[in-house]
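Everything below concerns the one structure shown next.
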Amino acid sequence: MANIDFEKFSKYSKAGPRYTSYPTALEFSDAFEYGEYIQYLENSTEQISLYVHLPFCRSACYFCGCNVVFTSKEEKLSAYITYLKKEIDILATHIDTSREVIQFHFGGGTPTYYKAFELDEIVTYIKSKFKNWSDKAEISCEIDPRFFNEEQMKVFAKHGFNRISFGVQDLDEKVQKEIHRVQPLELTKNAVDLARKYGISSINTDFIYGLPYQTLETFKKTLELSTQLNPDRVAVFNYAHVPWLMKTQRKFDETTLPSPEIKLEIFQYTIDFFERNGYKMVGMDHFAKPNDELFTAIKKGELHRNFQGYTTKGGANLIGIGLTSIGEGSHYYAQNTKNMKAYEASLDAGKLPFERGVNLSDDDFLRKAVIMELMANFSIDMPRISQTHNIIFEEYFADALEELQEFIEAGLVSINDGKISVSTTGTLLIRNIAMPFDAYMHQHVKSKKTFSKTV
């Protein structure tokens with residue numbers, strides 16, 4: 001990657017979406033009604049992707065932006081399983097459960113805060129309702145290595161799990177103490193080795209840059225140490241500092257957070273580091289070995305982005321199960337309630353715990369296709385978009401193309417032979433480059449409490 005004037009680039013540090021969805025969750029509302037959601041579920045014919053949210057954690061990791069419930073009471077965890085079963089029962093009355101399941105994911109929270117027999121109970125119950133699982137299904141779980149043992153791994157092996165993502169975040173002791181997540185490398189390596197022992201073929205490790213007390217030098221050491229884990233994929237996320245939403249983030253002294261210039265230096269070094277070590281950049285914040293299906297999907301134009309990150313399982317109907325889960329169909333997003341009492345009350349009344357969502361307009365559907373292609377492949381094939389959506393791209397997106405001129409003049413974007421391409425350096429600012437295609441951004445441009453900073 002060419003030398004970059006990081007001070008100049010820091011001007012692009014502004015609030016912007018990560019585009020795990022379009023429209024973003026800020027546009028979800030109760031204008032999208034329960035009946036519409038049920039109609040979508042009943043009429044869907046696509047393959048199925050199941051996401052199950054297990055929200056519980058023993059204690060807070062201060063950087064976390066997820067929807068979690070902190071508890072040490074086992075009765076809360078077991079009661080939640082009872083309600084998950086109720087939700088699955090109701091879903092099964094509205095979904096053709098003979099449709100093929102091609103993806104399953106446990107997220108959280110800390111899914112492995114649950115005991116092995118409880119994880120087994122949940123997966124077994126889901127499989128009793130959704131019986132048609134593809135031989136090539138991606139079956140995965142997010143794991144905190146501090147809560148992981150062999151009995152749990154045996155359950156995953158029994159049910160055919162083939163992907164595991166381990167949260168690492170940072171390997172510097174000072175940073176770990178500040179973010180309230182002390183996790184020695186040896187502990188994480190033991191967890192990774194355990195997964196390998198049971199034949200997990202794809203292991204991902206998650207890191208975060210932009211945390212308190214991180215510097216370029218400390219993160220270099222973290223990356224060097226991480227090679228001992230030898231993951232198949234790596235995700236390196238930009239820390240989302242949203243203290244107005246997440247109370248635990250208010251514990252940080254903001255003067256200890258690295259500046260936008262330092263964060264850019266860290267991420268540039270990270271890209272160079274992984275490419276030197278045999279990985280290829282995939283999308284905005286992921287790296288994969290060249291034989292990984294994520295990387296091969298780019299060549300085929302089959303890489304997709306959703307709430308679970310980058311995936312090869314595009315086009316599936318994502319069904320969100322559990323507290324605050326988000327589902328996605330071709331023309332809608334639907335989110336469950338974030339309130340546990342409301343979640344339980346809905347299910348006790350025989351209704352899904354749906355709270356809000358969005359029904360995609362034709363314009364939303366088109367812009368979603370454009371933004372997701374840009375986020376996944378760092379390029380847009382304008383003639384193909386024009387043909388698929390029956391538009392003239394240059395006319396429909398004239399305003400967006402005009403906004404892109406700034407990036408073109410900076411050498412971050414080029415337009416040739418009908419293709420918009422982002423340069424290697426431009427990938428550092430991909431969220432900024434996608435924003436001109438977002439029809440809703442003008443509503444949020446003056447607000448400082450919407451999205452995290454892009455840099």
Extension gain from Ala398 to Ser386, taking 0.36 nm per residue of separation minus the Cα-Cα distance: 3.0 nm
Reference-scaled alpha-carbon Rg (2.2 N^0.38 Å with N residues) for region 240-285: 1.53
Residue order, fewest to most surrounding Cβ atoms within 10 angstrom, among Cys66, Cys61: Cys66, Cys61
Local electrostatic count at Phe307 - Lys and Arg +1, Asp and Glu -1, tallied over other residues with Cβ under 11 Å: +1
Over the chain: helical MRE at 222 nm, DSSP H runs n ≥ 4 each giving -39500 (n - 2.57), nearest 500: -10500 deg cm²/dmol
Shape of region 342-427, Cα gyration tensor, a/c cut at 1.5: prolate
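Which order results if Trp133, Trp244 are arranged by neighbouring Cβ count within 10 Å, fewest first?
The most exposed by this proxy come first: Trp244, Trp133.
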Charge tally in the Cβ shell below 12 Å around Leu347, where Lys, Arg are +1 and Asp, Glu are -1, Leu347 excluded: 0
Computed Kirkwood radius, in angstrom, where 1/r is averaged over Cα pairs of region 119-172: 12.6
Cα-based reach from Lys251 at 20 Å (exclusive), listing lysines while leaving out same-chain residues under 8 positions away: Lys174, Lys177, Lys448, Lys449, Lys453
Around Arg58: net Lys/Arg minus Asp/Glu count, Cβ-Cβ under 10 Å: 0
When each of Lys131/Lys368; Lys86/Lys158; Lys14/Lys220; Lys338/Lys368 is checked by Cα-Cα distance, pairs over 29 Å: Lys131/Lys368
Calculated SAXS-style log₁₀ I(q)/I(0) at q = 0.09 Å⁻¹ - the chain, Debye, Cα scatterers: -0.59
Sorted by Cβ density within 10 Å, fewest first, the residues Ile143, Ile95: Ile95, Ile143
Pairwise centroid distance, computed over Cα atoms, of region 385-454 with region 27-55, Å: 29
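Read-outs: derived from the displayed coordinates by stated rules, not from any lab. What you see is a predicted model, and the numbers here were worked out from it, not measured in a lab. Neighbour counts run over all protein chains shown; Cβ positions are idealised from the backbone, glycine included.
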